[in-house]
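Undergrad: Structure provided below as structure tokens; questions to follow.
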């Protein structure tokens, strides 16, 4: 969001979050992860002054559990994600995902003897199409 602007028309700020993305492999074929900004689709309905005051006061989000569930669901939407990546992204966004994991029914899986853990959303049953017998 803009803090000061006297030369251009006022515009609303966009929401964003910091995520991580695979950017390559190292010499041991381990995946290299890097941070990236993911822009939201909704405009932020808060002024720069309100945002700075909230930061100084240390105010948390209005509903941190809902925010954590949304964060985790979006992070896992494209499939399994390494637990280390989830921890880094959650820490960067000051989010605790422990309860969100339980409420979303997130499945944790070990990726081999040398691999770490991954989290993924539970598989959703495919809807049954009506038949002539219905």
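The values are calculated or read from the model by the stated rules, or taken from the named source; none is laboratory data. Computed from a predicted structure; not experimentally measured. Glycine gets a Cβ as well: all are built from the backbone with ideal geometry, and neighbour counts include every protein chain shown.
Undergrad: Scanning for something part of a loop (DSSP other than H, G, I, E, B), modelled with pLDDT of 90 or more and exposed (fewer than 14 other Cβ atoms within 10 Å of the Cβ), does region 49-64 turn up at least one residue?
TA: No, region 49-64 contains no residue that is part of a loop (DSSP other than H, G, I, E, B), modelled with pLDDT of 90 or more and exposed (fewer than 14 other Cβ atoms within 10 Å of the Cβ).
Undergrad: Sort out which residues of region 110-129 are over 18 Å from residue 73 (Cβ atoms) and modelled with pLDDT under 70, and write them in order of number.
TA: 126, 127, 128, 129
Undergrad: Being touching a residue at least 12 places away in the same chain (Cβ under 8 Å), exposed (fewer than 12 other Cβ atoms within 10 Å of the Cβ), more than 30 Å from residue 5 (Cα to Cα) and touching a strand residue (DSSP E or B) at 6+ places or on another chain (Cβ under 8 Å), is that true of even one residue in region 85-95?
TA: No; the residues of region 85-95 include none that is touching a residue at least 12 places away in the same chain (Cβ under 8 Å), exposed (fewer than 12 other Cβ atoms within 10 Å of the Cβ), more than 30 Å from residue 5 (Cα to Cα) and touching a strand residue (DSSP E or B) at 6+ places or on another chain (Cβ under 8 Å).
Undergrad: Can you find a residue that is at positive phi and part of a loop (DSSP other than H, G, I, E, B) anywhere in region 83-93?
TA: No, region 83-93 contains no residue that is at positive phi and part of a loop (DSSP other than H, G, I, E, B).
Undergrad: Let me ask you something else. Six or more apart or on different chains, Cβ under 7 Å: which pairs go from a residue in region 103-127 that's in a helix (DSSP H, G or I) to one that's modelled with pLDDT of 85 or more? Could you list them?
TA: 103/69; 104/69; 104/72; 104/73; 104/121
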